[in-house]
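Enquirer: Could you have a look at this structure, given as structure tokens, before my questions?
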Amino acid sequence: MNMLRILTFLALCLSLACGGDSEPEPVETTEPTEGAEADPVESDPTTSGVRTRDPSEIPVAPKPWDEMTPEEKGHFMGESVLPYMKELFAEYDSEEFGNMNCGTCHGPDMQARNFEMPAPSLPPLHPSGSDEQRQMVEEHPQMVRFMFNHVVPAMRTMIGEEEYDAETGEGFSCYFCHPHAEDVGE
């Protein structure tokens with residue numbers, strides 16, 4: 001699968017976590033997928049097929065993110081975040097994400113941009129409740145559940161951000177990594 005398809009796939013998943021309550025919270029499995037006779041990612045739209053991690057498995061930054069130097073952030077990302085996310089994504093789809101690296105999320109121009117997020121190379125996302133967001137959820141339910149139930153909460157925990165609050169618009173959401181579609185004219 002090419003990079004554009006991967007990024008589009010990720011964007012579709014993240015759109016559910018962008019705030020709002022237009023979609024019910026997905027139900028997730030706590031069972032590992034290894035040894036399953038049917039591929040739950042393909043056969044069960046109510047799960048992403050990824051086991052639920054114990055909170056103790058999720059790495060946490062050694063101090064508040066905004067107090068870390070760029071070097072400390074880079075070390076934590078390389079030594080803790082990337083290995084965790086690579087394992088998580090590979091469990092979801094090892095063929096697709098087995099070679100995950102920094103550029104998967106930060107983009108090909110990551111060094112020139114000093115790894116700043118949101119990454120312009122990631123697909124812009126539409127707000128929850130919009131027709132475009134609903135279409136994304138309908139077309140890719142397992143990936144949306146994977147991102148909503150695993151990736152967004154883990155990343156939020158790793159960098160010590162608060163959960164997104166739809167009433168205030170504050171907290172960690174998919175827009176930490178993805179640009180707003182409205183901001184790029186989509």
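Computed from the coordinates by the stated procedures, all read-outs in this text should not be read as laboratory data. This structure is a prediction, so every number in the text was calculated from the model and none was measured. With ideal geometry, Cβ positions are generated from the backbone for all residues, glycine too; neighbour counts draw on all protein chains shown.
Enquirer: What are the ³J(HN,Hα) couplings of the stretch 91-105, residue after residue, when phi is run through the Karplus curve with 6.51, -1.76, 1.60 and θ = phi - 60°? Round to Hz, x for glycine and proline.
Expert: Listing the rounded values in order: 5, 5, 7, 5, 5, 6, 10, x, 10, 4, 8, 4, x, 4, 9 Hz.
Enquirer: What is the local net charge at Met100, summed over the other residues whose Cβ is closer than 10 Å to its Cβ (Lys, Arg +1; Asp, Glu -1)?
Expert: Numbers: positive: Lys86; negative: Glu87, Glu96.
With Lys, Arg at +1 and Asp, Glu at -1, the net is -1.
Enquirer: Could you derive backbone 3J(HN,Hα) for the stretch 136-153 from the dihedral phi with the Karplus parameters 6.51, -1.76 and 1.60 (θ = phi - 60°), listing whole Hz in sequence and x where the residue is Gly or Pro?
Expert: Once θ is set to phi - 60°, the couplings for the stretch 136-153 become 4, 5, 5, 7, 9, x, 5, 5, 4, 5, 4, 5, 5, 8, 10, 6, 4, x Hz.
Enquirer: Let me check I've understood the local charge: for Glu170, count other residues with C-beta under 14 angstrom from its C-beta, Lys and Arg +1, Asp and Glu -1. What total comes out? Don't jump to the answer; show the numbers that get you there.
Expert: Numbers: positive: Arg156; negative: Glu161, Glu162, Glu163, Asp165, Glu167.
Counting the neighbours of Glu170, the net charge comes to -4.
Enquirer: Using θ = phi - 60° and the Karplus relation 6.51 cos²θ - 1.76 cosθ + 1.60, list the HN-Hα couplings for the stretch 64-81 in order, rounded to whole Hz, with x at every Gly or Pro.
Expert: Using θ = phi - 60°, the values come out as x, 3, 6, 9, 7, 6, x, 5, 5, 4, x, 5, 4, 4, x, 8, 10, 5 Hz.
Enquirer: Using a 10 Å cut-off around each Cβ, can you sort Ser48, Ser56, Ser130 from fewest to most neighbouring Cβ atoms?
Expert: By the 10 Å Cβ count, ascending, the order reads Ser56, Ser130, Ser48.
Enquirer: Let me ask you something else. Under 5 Å between amide H atoms, partner at least 5 residues away or on a different chain: which partners does Glu170 have, H built in plane at 1.01 Å?
Expert: Amide H neighbours of Glu170, under 5 Å, 5+ apart: Asp165.
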